[in-house]
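Heads up: the structure comes next, in structure tokens.
The values are calculated or read from the model by the stated rules, or taken from the named source; none is laboratory data. Here the structure is a predicted model, which is why all the values come from computation and not from measurement. Methodologically, a virtual Cβ is constructed for each residue, glycine included, from the backbone with ideal geometry; neighbour enumeration extends over all protein chains shown. Only protein heavy atoms, including side chains, enter the accessible area calculation; ligands, DNA and RNA are left aside. Shrake-Rupley method; radii C 1.70, N 1.55, O 1.52, S 1.80 Å.
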Amino acid sequence: MGELAVIVPSRERPHNIARLIDAMNRTCRGDTTLIVGVDSDDPHLSTYCQFSECETVESQRVPLVTWLNDLARSCAHKYRFIGHIGDDNVPRTVGWDTRIMESLERNLFCFGDDLDPRRPAGW
């Protein structure tokens, strides 16, 4: 069983996945697997499938929440923890994945700080 699966929906933005893979290679310290979900009609499907550093899951286009729930259920028996980020996220903190798993172990829920400058201090 793996430790953490990070599921990421993406459509027509394989360049974002390439950037995310690079960031994860630089920052992940735990047993973390990137799982990218793409629509079977995505014009860039073949590009997504060329990434060897992640698992690509192809499916018919469905609403995002349906997709997230279906993929999380399919991962539940293979991973101890399951998380979700957007394909526009870029992890910067070294060891973020292990910190997330430690928090999930204690709290059963975790939400990372995206450092959005529009958010008021103390939010």
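Six or more apart or on different chains, Cβ atoms under 9 Å: show the pairs whose first residue is in the stretch 43-59 and closer than 12 Å to ILE17 by Cα and part of a helix (DSSP H, G or I) and whose second is polar (S, T, N, Q) and open to solvent by less than 40 Å² (accessible area, probe 1.4 Å). Taking only residues 6 or more apart or on different chains, the pairs are TYR48/SER10.
The C-beta contact set for the stretch 110-123 (first residue part of a loop (DSSP other than H, G, I, E, B), second residue modelled with pLDDT of 75 or more and surrounded by 10 or more Cβ atoms within 10 Å (Cβ to Cβ), distance under 6 angstrom, 6+ apart or interchain) comprises CYS110/ILE100; CYS110/SER103; CYS110/LEU104. Total residues in the stretch 2-12 satisfying the condition of being outside any strand (DSSP E or B) and in contact with a His (Cβ under 8 Å, 6 or more places away or on another chain): the figure is 1.
When you scan the stretch 19-56, how many residues do you find that are more than 26 Å from ARG92 (Cβ to Cβ) and not polar (S, T, N, Q)?
First, pick out the residues of the stretch 19-56 that are more than 26 Å from ARG92 (Cβ to Cβ): 39-43, 45-46, 49.
Next cut, not polar (S, T, N, Q) only: 39, 41-43, 45, 49.
Total satisfying the criteria: 6.
Once the stretch 15-61 is narrowed to residues that are closer than 21 Å to ILE82 by Cα and of a type in the set (Asp, Glu), the residue that is surrounded by the most Cβ atoms within 10 Å (Cβ to Cβ) is ASP39. Remark: pairs (first residue in the stretch 83-99, open to solvent by less than 20 Å² (accessible area, probe 1.4 Å); second residue assigned to a loop (DSSP other than H, G, I, E, B) and among the charged types (D, E, K, R); Cβ separation under 8 Å; 6+ apart in sequence or on different chains) = ASP87/ARG13; GLY95/ARG29; ASP97/ARG29.
Take the conditions free of Cβ contacts under 8 Å to residues at least 60 places away in the same chain and on the phi > 0 side of the Ramachandran plot and apply them to GLU12. Does it pass? Spell out the reasoning first.
Working: free of Cβ contacts under 8 Å to residues at least 60 places away in the same chain: yes; on the phi > 0 side of the Ramachandran plot: yes.
Yes.
Filtered by the rule that a residue be outside any loop (DSSP other than H, G, I, E, B) and either touching a Cys at 6+ places or on another chain (Cβ under 6 Å) or aliphatic (A, V, I, L, M) (or both), the stretch 69-109 gives LEU71, ALA72, ILE82, ASP97, ILE100, MET101, SER103, LEU104.
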